Amino acid sequence: MNHRYASAAVVLASAAALVATACGSSSASPNTAASSPAVSAKAGSARATGSTAWKPCHLPAGYQHFFKLDSAKNVHGKTVVRITPETCKVNTKNDEDVVYTPSGAAKSLVFASGASVKVLRDTTTVKVTPKWLVSHKLANSPYFYYRVNGQGHIAAMQEIYHP
């Protein structure tokens, strides 16, 4: 009995695929969603990574990690950010083609006192206080590189510019 239901399901799925192929257009089918969690730094950009050569992104001297800034809030007088650790790779033929992929679970980090934060305004870097992140929107992207101190608090972070 279960074998018949499974066979019927396969036949129905095949028929549905055939109808969708015959009636569907060549663009933007609702069944063609991306299967990778990777996010391109270019908004709305999707690409196949099969024939493209990629290399890891370069971290500036003294910085340890990449992350996506999910949110920032003030907790008991300290600025706390919610981040998602990321890995980063860049197309070797087009350095403006950058892909971020989550590399761990989201977590919260506290800023160390005196921490430096650099964000982008247009194409220039501006130094702000960590508290600034709580009430302002980022102009460019949510991706940063950062370093932590011996207590695991953010000592410095800088927004990454992507054209």
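Counting residues that are within 27 Å of G77 (Cβ to Cβ) and open to solvent by 30 Å² or more (accessible area, probe 1.4 Å), which strands (runs of 3 or more DSSP E) fully inside region 93-157 reach at least 2? Even if it seems obvious, please write down each step before you answer.
Details: elements: 94-102, 107-121, 124-128, 143-148.
By residue number, 107-121, 124-128, 143-148.
I'd like to check something: does region 130-141 contain any residue that is under 30 Å from T52 (Cβ atoms) and at pLDDT 95 or above? Write out each step before concluding.
Step one: filter region 130-141 for residues under 30 Å from T52 (Cβ atoms), giving 138-141.
Narrowing further to those that are at pLDDT 95 or above: none.
Within region 130-141, none of the residues are under 30 Å from T52 (Cβ atoms) and at pLDDT 95 or above.
Given the condition open to solvent by 50 Å² or more (accessible area, probe 1.4 Å), farther than 17 Å from Y143 by Cα, at pLDDT 55 or above and not aliphatic (A, V, I, L, M), answer yes or no: does some residue in region 26-49 qualify?
No, region 26-49 has no match at all.
The values are calculated or read from the model by the stated rules, or taken from the named source; none is laboratory data. Just so we're clear, the structure is a prediction, and the values are computed from it rather than from any experiment. Every residue, glycine as well, gets a Cβ built from its backbone with ideal geometry; the counts of neighbours run over all protein chains shown. Accessible surface areas use protein heavy atoms only, side chains included; no ligands, DNA or RNA. Shrake-Rupley method; radii C 1.70, N 1.55, O 1.52, S 1.80 Å.
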